[in-house]
Amino acid sequence: MRKKPGAPPFGARKIVRRGAAALLAALLVLAASCSRSDGPLTGGGGGDSAPGAPQDAVWSKEEVVYALLAADGGLLGEYVVNILDVARGGLVTDYGDYDDVKDLTGGNMIENTPGEHVTLSVGEGRAYYQGDAHFAPLPWGFDITYELDGSRVSPEYLPGVSGRLLINIKTAARPMGDYDAYHKYFTENYLLQITVKLGSASCSGILAPGAVQANAGRDRVLSYTVMPGADADLRIECDVSDFEMEGIEISALPFSSSFETPELGGVTGRFDELTDGVAALAAGARQLGEGARSLAGGMRTLAKGAGEFDAGLRGLSASSARLTEGSAQIGEALKTIDDALASQDMPDISQLSQLPAVLQRLAGSLAAAKDGLAELEGAYAEGYAALDAAIEGIPERRLSDEAVAALRAAAPGHADTVDALAASYAASEAVRAAYGAAKPAFEAVRPAITAAAESMNSAAGTLLIVAMQAQGVSDIDIAGQLGQLTDAISEISANYGDFHSGLAAYADGLGELARAGGELAGGISEAADGADKFANDGFPEFQAGLDALNGEVGKIPGEIDEQIDEIMDGYGASGAKPVSFTSPKNENVTLVQFVIRTEKIAIPASPAPVEPEPEAESFMTRLLNLFRS
């Protein structure tokens with residue numbers, strides 16, 4: 001390679017001949033030589049030859065471009081190994097501007113016309129030759145800078161340093177004037193793979209955003225991928241001690257040959273699981289909606305029955321107040337009669353003629369009270385039956401705390417609606433529990449009313465009998481019957497006090513029950529309103545949102561596949577025919593690869609100690625040595 005003029009972007013260095021080219025050549029493993037056809041190197045690059053002239057070979061080729069960069073990214077030198085696939089032996093004319101060429105197969109005749117082409121005589125099979133390129137700038141520019149403890153440092157001062165080191169690697173498509181359109185094929189279709197090796201003995205605390213990191217022996221390997229058409233700005237930070245580093249390795253290959261679309265079945269499969277889960281959630285929400293509507297219907301029925309029961313209790317409580325008041329008046333009347341009969345100041349016997357009418361009116365009052373209790377018993381039985389049916393109408397389905405929590409987590413935007421459903425459910429459960437606890441008291445009310453009615457009926461009958469007896473007594477008989485009447489009235493008065501006390505206690509309990517029934521009816525009504533609002537207002541909106549979510553989530557796997565296909569199509573095979581790096585005249589190129597490496601940063605080896613030269617022995621010294629032991 002000869003020295004190269006010009007200074008390409010990113011601070012490229014003048015190209016110089018050095019031993020690194022020979023070192024890189026050793027990376028290529030050569031195939032065994034095949035049979036060769038020797039002859040004069042004349043003739044064209046293809047087609048049939050004139051009679052008697054050497055025939056042209058039928059061949060295609062691959063190019064492997066080896067480049068050595070300085071530690072700061074400047075180009076130092078490059079050469080190309082051309083790999084010829086020969087289907088028919090003969091003469092090969094390969095275009096390229098080379099300073100020097102070398103047959104790597106062995107036995108092939110090769111001639112170089114600088115600035116023009118190379119001619120080879122090859123046999124069928126594979127043949128290799130190396131050409132040292134004459135100023136062929138790479139399609140990419142590389143700029144590598146270093147900072148030690150925050151200060152910019154030139155690479156030549158880095159061997160053996162210690163501190164916090166920043167390595168910044170930038171890549172970009174290189175503008176090359178006339179080469180720009182020609183090399184655009186490489187920058188738009190080739191993928192760069194950049195590998196940095198940092199020895200664990202000299203580097204620690206490594207930070208390398210975007211790198212794939214792995215351990216290789218005692219080295220930490222950082223790998224980067226730069227997609228076609230993209231520029232890179234890579235930053236690596238580490239703590240260094242007695243710093244050394246192998247050369248940075250960069251390879252460039254066609255994207256389609258170096259990258260295959262990954263199998264994404266596992267990823268899309270997880271989205272399928274998500275889709276199935278959301279679908280199941282939507283189905284469960286529909287069932288929950290049906291349950292909510294059923295609960296709302298049951299709560300409305302319960303609220304209606306509770307309202308009717310409350311109205312019956314209020315009416316019964318009002319009637320019991322009037323009944324207690326009438327019973328007190330009857331008790332006072334009986335006490336007055338009893339006191340009068342027991343008194344020594346008996347009233348005029350002639351006034352006893354009025355007693356039957358008074359007793360009949362008293363009996364009539366008791367009978368009317370008995371009829372009122374009968375009506376009360378019927379109303380109570382009807383209200384109690386409605387309440388019992390309403391309570392039994394509450395759905396038996398249980399809504400666990402876990403189900404409510406799962407629903408709240410699945411629909412964070414409808415937390416208020418879910419809370420209303422949970423509150424309605426809790427209220428209905430509280431109503432069911434309260435009713436179960438109070439049911440024995442409810443069942444005891446009707447027998448108490450029946451017993452009271454029977455007592456009143458018996459008292460009314462006794463009064464009628466006494467009235468009939470008093471009406472038929474003559475003046476002669478009055479004195480004889482008065483004692484019996486006095487005893488009967490005393491007994492009725494004494495027993496009626498116990499009855500009135502029980503009736504008053506019943507009335508008080510009925511008042512408490514009516515108040516509790518009002519609160520129960522109010523709570524059930526509020527719970528019914530909440531359940532109805534949730535079932536008919538909040539939940540349909542939630543269900544619609546969940547159904548919409550289910551529909552959108554169901555599209556995710558297909559959309560992911562489409563997006564990936566679209567992205568990969570942008571990097572896929574462009575359909576453009578591969579071009580040669582060495583010359584646009586080469587039309588039979590199948591593949592071009594780039595192998596690029598920077599100089600390593602190494603601590604210079606210590607020079608070997610210099611052995612002192614022995615002093616020349618004089619004649620006297622040699623003479624004395626003869627006598628030394």
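Structure data summary
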| read-out | value |
| --- | --- |
| Some residue of the range 242-251 being in contact with a helix residue (DSSP H, G or I) (Cβ under 9 Å, 6 or more places away or on another chain) and within 18 Å of residue 600 (Cα to Cα) | yes |
| One residue from 306, 311, 328, 333 being assigned to a helix (DSSP H, G or I) and either open to solvent by less than 20 Å² (accessible area, probe 1.4 Å) or at pLDDT below 70 (or both) | 306 |
| Meets criteria (touching a helix residue (DSSP H, G or I) at 6+ places or on another chain (Cβ under 8 Å), at pLDDT below 70 and either part of a helix (DSSP H, G or I) or among the β-branched types (Val, Ile, Thr) (or both)) for residue 463 | no |
| Qualifying residue in the range 409-423 (condition: modelled with pLDDT of 70 or more, under 29 Å from residue 305 (Cβ atoms), open to solvent by less than 60 Å² (accessible area, probe 1.4 Å) and outside any helix (DSSP H, G or I)) | no |
| First in the range 558-585 and modelled with pLDDT under 70 and open to solvent by 80 Å² or more (accessible area, probe 1.4 Å), second anywhere and of a type outside the set (Val, Ile, Thr) and in a helix (DSSP H, G or I), Cβ under 7 Å, 6 or more apart | 573/256 |
| Among (1) crowded, with 17+ Cβ neighbours inside 10 Å; (2) under 52 Å from the mean Cα position of the chain (by Cα) - the single one residue 132 does not satisfy | (2) |
| Criterion violated by residue 161 - all others in (1) open to solvent by 20 Å² or more (accessible area, probe 1.4 Å); (2) in a strand (DSSP E or B); (3) β-branched (Val, Ile, Thr) satisfied | (2) |
| Complete set of residues in the range 88-110 that are more than 20 Å from residue 64 (Cα to Cα) and in a strand (DSSP E or B) | 88, 90, 91, 109 |
| One residue from 269, 284 being surrounded by fewer than 16 Cβ atoms within 10 Å (Cβ to Cβ), part of a helix (DSSP H, G or I), modelled with pLDDT under 70 and within 38 Å of the chain's Cα centre (by Cα) | 269 |
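The values are calculated or read from the model by the stated rules, or taken from the named source; none is laboratory data. Quick caveat: nothing in here was measured; it's all calculated off a predicted structure. Note that each Cβ is placed from the backbone with ideal geometry, even for glycine, and that neighbours are counted across all protein chains shown. Heavy atoms of the whole protein, side chains included, go into the accessibility calculation; ligands, DNA and RNA do not. Shrake-Rupley method; radii C 1.70, N 1.55, O 1.52, S 1.80 Å.
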